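The structure under discussion appears below in the form of structure tokens.
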Amino acid sequence: MITRLDLGGAQENTLYTVRHLDPSRFEVILVCGPGGALYDDVKTMPETAHWRALFLPSLVRHIHPGLDLLAFLQLVSFFTAEKPDVVHTHSSKAGVLGRLAAKAAGVRRVVHTYHGFGFNDHQASWVKSFYVWAERLCCALSDEIVFVSKSNQDYARRHRLGRPERYRLIRSGIKLPAFPAPVPDKERKKASLGLGMHKPLVLSIGNLKPQKNPGDFLSMAQRVCAKLPETSFLFVGDGPLRQRLEYRVIAEGMSNRVAMPGWRRDTAELLAVAEVFVMTSLWEGLPRALVEAMKSGLPCVCYATDGISDILKDGVNGFLVPQGNLTLLTQRVLELLRDPELRRRLGRAAMDSIGEEFDIDLMVRAQERLYQERPPA
């Protein structure tokens with residue numbers, strides 16, 4: 001169960017799990033709300049004896065008391081009728097409503113995966129306190145709690161979410177052999193984006209929402225262009241901040257240097273033609289885009305945020321920058337753009353640090369073992 005099928009790591013990995021659990025042992029039902037870039041993909045996928053989907057229009061991302069109560073009641077009814085052996089929830093809203101409904105319906109095994117948290121240190125204290133209370137309640141109803149990063153495990157422990165002996169670490173996986181993607185003509189690929197064929201490219205990927213903090217990416221781009229005006233910048237993604245960011249690009253005279261094409265399905269190829277990957281997130285689980293960038297051999301400059309710090313080590317396989325330090329962020333990007341050997345060294349180290357634990361099929365097998373273990377006492 002997941003709230004909405006946006007184009008993101010949590011959604012893509014959930015769909016991959018649904019489609020690749022062993023059909024001789026598992027019958028899978030995907031429960032989700034409507035909307036998102038992957039919604040039409042799932043709607044058009046033929047259902048089989050192995051899997052089917054249930055779309056709940058009442059399941060929405062934002063808090064809506066009336067719809068939330070309706071979704072809860074519908075889920076209780078559905079779980080009571082289906083009698084699933086396991087309910088596995090992902091994302092904040094589905095995680096709360098799904099776990100409450102599963103327990104109310106008498107489901108024997110309830111698992112939740114945190115791909116980051118619905119609360120963070122940037123919220124008002126009373127808002128964060130409310131979400132922490134809700135998560136504590138739901139963790140008390142969870143038989144296993146899965147994390148994609150050690151940093152998220154530590155954060156959960158500090159906020160007393162569930163019992164640590166029920167914590168599991170299962171990395172968010174990618175198709176390792178797909179990276180780096182082969183791109184025979186990198187200059188032509190850049191030109192197809194409306195960017196200079198021979199200009200260095202700085203890339204970021206993510207939802208255009210406060211969590212990903214794309215405004216700092218634009219601030220860095222402006223500062224880098226003041227020093228290296230031939231540089232191009234690409235932010236792949238979409239979201240509620242898009243219009244505001246596009247206005248800013250125009251107002252700051254960056255239209256010929258910054259491209260914001262929305263979501264694209266060729267991100268592996270874009271990673272293969274970029275010179276530097278940047279991520280300015282304020283909170284994270286384990287960003288799939290960063291794992292893909294590192295496996296592509298791309299040197300990365302990122303804010304030292306949650307799961308990012310799990311895999312990116314400053315000066316070893318990339319650069320970590322304190323959140324909000326635009327001066328250092330700009331400096332690190334400029335260092336990489338000016339020094340091809342530094343790019344190669346950090347890129348090779350980044351690629352080497354993405355090992356088998358990040359294989360998406362290994363992720364599915366780990367979940368299969370988790371589902372079939374004896375439930376904890």
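Springs between Cα atoms under 10 Å define the GNM used for the chain, and in it the highest mean-square fluctuation of S91, S204, S129 occurs at S129. Computed from Cα atoms, the angle from the helix 214-227 axis to the main principal axis of the chain rounds to 10 degrees. Counting every other Cβ atom within 10 Å of each residue's Cβ, D266, D22, D238 order from fewest to most as D22, D266, D238. Within the chain, the proportion of Cα pairs with more than 33 Å between them is 31 percent.
Here each label is just a point 7 Å from Cα along the line to Cβ, and for R223 and T80 those points are 5.8 nm apart.
Counting every other Cβ atom within 10 Å of each residue's Cβ, T305, T80 order from fewest to most as T80, T305. Taking Cα atoms only, the orientation of helix 340-352 departs from the longest principal axis of the chain by about 20 degrees.
By the count of neighbouring beta-carbon atoms within 10 Å, fewest first, V111, V127, V60 end up ordered V127, V60, V111. Just check the stretch 32-92 against the gyration tensor rule for me: Cα atoms, a ≥ b ≥ c as the square roots of the eigenvalues, rounded for a/c under 1.5, and otherwise prolate or oblate depending on whether a/b exceeds b/c. Oblate. Amide H to amide H, with H built 1.01 Å from N, V28 comes under 5 Å of W51, R52, counting only residues 5 or more places away or on other chains.
Pairs K190/K295; K227/K313; K43/K209: which are spaced more than 22 Å apart, C-alpha to C-alpha? Where the Cα-Cα span goes over 22 Å, the pairs concerned are K227/K313; K43/K209.
The residues neighbouring V111, those whose beta-carbon lies less than 13 Å from its own, together hold a net charge of +2 under the Lys/Arg +1, Asp/Glu -1 convention. Annotation: average projected area of the stretch 176-355 is 9.1 square nanometres, based on the convex hull of Cα atoms across all directions.
The 3J(HN,Hα) values that the Karplus relation (6.51, -1.76, 1.60; θ = phi - 60°) gives for the stretch 105-117 are, in residue order, 8, x, 5, 6, 9, 10, 10, 10, 10, 8, 9, x, 10 Hz. Gly and Pro appear as x.
Taken together, the values in this text are just the output of simple stated rules run on the coordinates, not laboratory data. Please read these numbers as outputs of a predicted model, since none were measured by experiment. A quick note on method: Cβ atoms are made from the backbone with ideal geometry, for glycine too, and the neighbour counts reach across all protein chains shown.
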